[in-house]
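Below: one structure, written as structure tokens.
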Amino acid sequence: MTLSEELQWRGFVNQTTFKDLKDLDDTQRTFYHGFDASAPSQTVGNLAGLMFDKVFMRHGYKAVLLAGGATSLIGDPGGKDSERVLQNEDTIASNVKNAEEQIKRVLSGQEFTLVNNLDWTRDMKVLDFLRDVGKHFSMTPLIQRDYISRLLIKN
């Protein structure tokens, strides 16, 4: 069974940016999948995503799995009406370790790269970030998001 056939057979295809899903069969690519580390354990939703990843890996795709060690330290509302509870770095580090152990068990026998975004953002300075990265993004689309504008109005 090809990758495109397996994805369809498993019901993993709903929307795609590919004109022809069979393009997935022709070129083995590298994909990225990030996971949140704001809880001590991954969820059933994370398991579904990892099963999706496993299909791609079996078909020769390279996986880069990213622990959100840095992003989990931020109170990202993620489209919700309130921010997540901020946790200290030790708690997030423990959550990342737990998640990595769970992911390694689920993906046992598969080859993948596991990274943590805290490793390359920990020593970043705000001014360096704004100068090097922030200048490439407009605040307008962010502020226009309903949940962001509601939070700005609240505060």
**Report entry** Boolean, MET57 is assigned to a helix (DSSP H, G or I) and surrounded by 14 or more Cβ atoms within 10 Å (Cβ to Cβ)
**Finding:** yes
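Is it the case, given these coordinates, that GLU83 is touching a helix residue (DSSP H, G or I) at 6+ places or on another chain (Cβ under 7 Å), of a type in the set (D, E, K, R) and at pLDDT below 95?
When the stated conditions are applied, GLU83 does not pass them.
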Query raised in the report: PHE112 fails exactly one of the following numbered conditions: (1) of a type in the set (A, V, I, L, M, F, W, C); (2) free of Cβ contacts under 8 Å to residues at least 24 places away in the same chain; (3) farther than 23 Å from ARG145 by Cβ. What is the number of that condition?
Result: (2)
Requested in this report: Report, by residue number, each residue of segment 102-137 that is exposed (fewer than 10 other Cβ atoms within 10 Å of the Cβ) and assigned to a helix (DSSP H, G or I).
Outcome: ARG105, VAL126, LEU127, LYS135, HIS136
Report summary line: Counting only residues that are in a helix (DSSP H, G or I) and either hydroxyl-bearing (Ser, Thr, Tyr) or in contact with a Phe, Trp or Tyr (Cβ under 8 Å, 6 or more places away or on another chain) (or both), segment 138-155 contains a total of 3
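The values are calculated or read from the model by the stated rules, or taken from the named source; none is laboratory data. Because the structure is predicted, anything quoted here is derived from the model rather than measured. In this analysis, Cβ positions are derived from the backbone assuming ideal geometry, glycine residues included, and neighbour counts consider all displayed protein chains.
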